[in-house]
1. Residues being in a helix (DSSP H, G or I) and not basic (Lys, Arg): count how many of those fall in the stretch 1-17.
2. Residue 90 - would you say it is under 30 Å from residue 185 (Cβ atoms) and in contact with a Cys (Cβ under 9 Å, 6 or more places away or on another chain)?
3. Cβ-Cβ under 7 Å, sequence separation 6+ or interchain: first residue in the stretch 110-139 and touching a residue at least 40 places away in the same chain (Cβ under 8 Å) and under 12 Å from residue 183 (Cα atoms), partner among the polar types (S, T, N, Q) and surrounded by fewer than 17 Cβ atoms within 10 Å (Cβ to Cβ). Which pairs?
4. In the stretch 51-69, is there at least one residue being at pLDDT 95 or above and not in a helix (DSSP H, G or I)?
5. I'd like the full set of residues that are under 16 Å from residue 60 (Cα atoms) and of a type in the set (Ser, Thr, Tyr), limited to the stretch 11-44.
6. Can you work out which of the residues in the stretch 62-80 that are in contact (Cβ under 8 Å) with a residue 40 or more places away in the chain and more than 15 Å from residue 92 (Cα to Cα) is surrounded by the most Cβ atoms within 10 Å (Cβ to Cβ)?
7. Return the pair list, or none, for Cβ contacts closer than 8 Å from residues in the stretch 4-17 that are of a type outside the set (Phe, Trp, Tyr) to residues that are surrounded by fewer than 17 Cβ atoms within 10 Å (Cβ to Cβ) and part of a loop (DSSP other than H, G, I, E, B), at least 6 apart or on different chains.
8. How about the stretch 84-127: which of its residues are of a type in the set (A, V, I, L, M) and within 19 Å of residue 140 (Cα to Cα)?
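The values are calculated or read from the model by the stated rules, or taken from the named source; none is laboratory data. Worth saying up front: this structure is predicted, and the values here are computed from it rather than measured. Every residue, glycine as well, gets a Cβ built from its backbone with ideal geometry; the counts of neighbours run over all protein chains shown.
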Amino acid sequence: MARAGLTVDRVVTAAAELADEAGFENVTLSALARRFGVKDASLYSHVRGLADLRTRLALHAGGELIDRIAAAVAGRAGKDALAAFAGAYRAYALEHPGRYAATQIRIDQSLIADSPALRRTAEITYGMLRAYGLQEPDLTDAVRLLRSTFHGYCALESAGGFGADRDVRASWDKAIDALHLALTHWPRETRNDD
């Protein structure tokens with residue numbers, strides 16, 4: 001029987017809070033059970049185990065992140081959309097480091113098709129990039145470039161990895177300018193239909 005007051009949503013929300021406070025790697029069933037004042041076994045009525053909890057947390061955080069990005073890019077195109085997308089991404093990563101770390105885990109491909117948040121992420125990201133005239137396979141390559149740049153920058157910034165006197169925000173803005181130029185002048189893959 002499920003413990004009164006515990007729900008999957010409450011467990012995942014508590015896991016998200018714990019991730020931001022203690023780090024994603026410290027989100028365990030034992031830590032959550034202590035938070036709720038219950039035994040570990042009580043949580044198994046709501047999640048199948050640690051992997052299930054972390055996947056649910058990743059989907060939850062991914063939904064939060066794409067909601068922010070969607071609000072930021074609404075009504076924008078080109079460089080304005082790119083800057084808004086990047087800014088929302090960076091703000092979320094810095095404000096919610098544990099949740100953000102959860103968004104970086106590999107999720108089973110069968111779950112991706114069933115996740116409205118992950119489908120929405122693809123739609124918004126690809127929609128923004130189509131304004132640059134990109135089509136597959138260039139779209140996938142561009143997504144990988146953006147994700148790598150945004151993630152690398154945020155990881156270094158949150159770890160205090162930028163030691164030069166240059167303002168971190170000014171460098172971020174230059175990175176967005178450079179990405180815009182790269183997307184505008186993308187080396188299109190030529191198709192050989194012969």
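1. Filtering the stretch 1-17 down to residues in a helix (DSSP H, G or I) leaves 8-17.
Still in the list and also not basic (Lys, Arg): 8-9, 11-17.
Going through the stretch 1-17 one residue at a time, the tally reaches 9.
2. Numbers: under 30 Å from residue 185 (Cβ atoms): yes; in contact with a Cys (Cβ under 9 Å, 6 or more places away or on another chain): yes.
Spelling it out, residue 90 is indeed under 30 Å from residue 185 (Cβ atoms) and in contact with a Cys (Cβ under 9 Å, 6 or more places away or on another chain).
3. Sorted first by the residue in the stretch 110-139, then by its partner, the pairs are 132/184.
4. no
5. If the condition is that a residue be under 16 Å from residue 60 (Cα atoms) and of a type in the set (Ser, Thr, Tyr), then 13 is the only one that fits.
6. Selected residue: 79.
7. 6/38; 6/45
8. Within the stretch 84-127, the subset of a type in the set (A, V, I, L, M) is 84, 86, 88, 91, 93-94, 101-102, 105, 107, 111-113, 117-118, 122, 124.
If the condition is that a residue be of a type in the set (A, V, I, L, M) and within 19 Å of residue 140 (Cα to Cα), then 86, 105, 107, 112, 113, 117, 118, 122, 124 are the ones that fit.
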